[in-house]
Amino acid sequence: MNGSVASVDQLVSGIVDGLGEVTDRDVAVFPPFPFLSQVGGLAGDSGLAYGGQDLSTAESGAYTGEVSGGMLKDMGCSYVLAGHSERRDYHKESDELVAEKAAAAQQVGLTPVVCVGETLEEREQGITEAVVGRQLDAVVARLGIAAFDQLVVAYEPVWAIGTGRTATPDQAQQVHAFIRSKIAELDGTIASRLRILYGGSMKGSNAADLLSMEDIDGGLIGGASLTHDEFLRICRA
């Protein structure tokens, strides 16, 4: 929950100005809802995509404070986050609710970025794969494996978000490889095309090492996305 009209203008304008250096990459930003229109105007035809940070499972109705996928689509969004670790933690969103949100996104033509990941306690218990596998199973059960051709998975080790701690490239790769292998058990072709992003304190100084891993296809950037120079540094990596 960051930003103001002035800071969003500076940030997105800076990103757009630097996009010429990263033309072979897909780049998207996820501003808070009040700034979506502003971001759309700033992005123009630059190739910068944008999306919502969350969505409702309902299409419309008496759900004060909620935002539907159709509304996001109408605002020009291409993507939406589903199941960000903070939504799972602060709002107690279940695996099944996250899967419903991913389904609601796809129903209106948005690409959901489905976030999965374990807490520090779960990692220390040695159940990272069980937790991530359970989170993925809920999406497969609701949408079917074919839907993974139209979504993105983001691995967020919760213990590395906002803490300054980062999974080592090998630790991150291990989980990314598990995710791809789990999907490959159901459809190898879809697994080979699936984009899996790393979302735990990636920044300019560690992006190249993380992105050099075989199964890390990109980043879901947190604090480092709040300055355009740092964000573009990651994009270039």
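The values are calculated or read from the model by the stated rules, or taken from the named source; none is laboratory data. This one's a predicted model, so the numbers in the text were calculated from it and none came from an experiment. Cβ coordinates were reconstructed from backbone atoms using ideal geometry, including for glycine residues, and neighbour counts include every protein chain displayed.
Looking at this structure, is residue 141 more than 16 Å from the chain's Cα centre (by Cα) and assigned to a helix (DSSP H, G or I)? For residue 141, the condition - more than 16 Å from the chain's Cα centre (by Cα) and assigned to a helix (DSSP H, G or I) - is met. For the stretch 15-37, what are the residues that are small (Gly, Ala, Ser) and touching a residue at least 12 places away in the same chain (Cβ under 8 Å)? Scanning the stretch 15-37 gives 18, 28, 37.
If I filter the stretch 105-123 down to residues being more than 16 Å from the chain's Cα centre (by Cα) and assigned to a helix (DSSP H, G or I), which single residue comes out as surrounded by the fewest Cβ atoms within 10 Å (Cβ to Cβ)?
To start, the set of residues in the stretch 105-123 that are more than 16 Å from the chain's Cα centre (by Cα) comprises 107-109, 119-123.
Still in the running and assigned to a helix (DSSP H, G or I): 107, 120-123.
On the way: 107: 13, 120: 13, 121: 10, 122: 17, 123: 19.
Restricting to residues being more than 16 Å from the chain's Cα centre (by Cα) and assigned to a helix (DSSP H, G or I), the top hit is 121.
If you scan the stretch 38-52, which residues turn out to be over 19 Å from residue 109 (Cβ atoms) and in contact (Cβ under 8 Å) with a residue 12 or more places away in the chain? Once the filter is applied, which keeps residues that are over 19 Å from residue 109 (Cβ atoms) and in contact (Cβ under 8 Å) with a residue 12 or more places away in the chain, the stretch 38-52 yields 38, 42, 44, 46.
Number of residues in the stretch 64-110 that are of a type in the set (S, T, N, Q) and over 28 Å from residue 42 (Cα atoms) equals 3. Using the structure shown, decide if residue 55 is in contact (Cβ under 8 Å) with a residue 12 or more places away in the chain, hydrophobic (A, V, I, L, M, F, W, C) and part of a helix (DSSP H, G or I). Judged against the criteria, residue 55 is not a match.
Residue-by-condition table, conditions (1) touching a His at 6+ places or on another chain (Cβ under 8 Å); (2) small (Gly, Ala, Ser); (3) under 19 Å from residue 161 (Cα atoms):
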| residue | (1), (2), (3) |
| --- | --- |
| 1 | no, no, yes |
| 29 | no, no, yes |
| 33 | no, no, no |
| 41 | no, yes, no |
| 68 | no, yes, no |
| 84 | no, no, yes |
| 93 | no, no, yes |
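Total residues in the stretch 201-230 satisfying the condition of being under 15 Å from the mean Cα position of the chain (by Cα) and not in a loop (DSSP other than H, G, I, E, B): the figure is 5.
When the residues of the stretch 187-200 are narrowed to those that are in contact with a strand residue (DSSP E or B) (Cβ under 6 Å, 6 or more places away or on another chain) and in a loop (DSSP other than H, G, I, E, B), which ends up modelled with the lowest pLDDT? Spell out how you get there, then give the answer.
First, the residues of the stretch 187-200 that are in contact with a strand residue (DSSP E or B) (Cβ under 6 Å, 6 or more places away or on another chain): 195-199.
Now drop any that are not in a loop (DSSP other than H, G, I, E, B), which leaves 195, 199.
Values: 195: 98, 199: 94.
Only one residue fits best here, namely 199.
Would you confirm whether any residue within the stretch 168-186 is surrounded by 16 or more Cβ atoms within 10 Å (Cβ to Cβ), farther than 28 Å from residue 141 by Cβ and modelled with pLDDT of 95 or more? Yes; the residues of the stretch 168-186 include at least one that is surrounded by 16 or more Cβ atoms within 10 Å (Cβ to Cβ), farther than 28 Å from residue 141 by Cβ and modelled with pLDDT of 95 or more.
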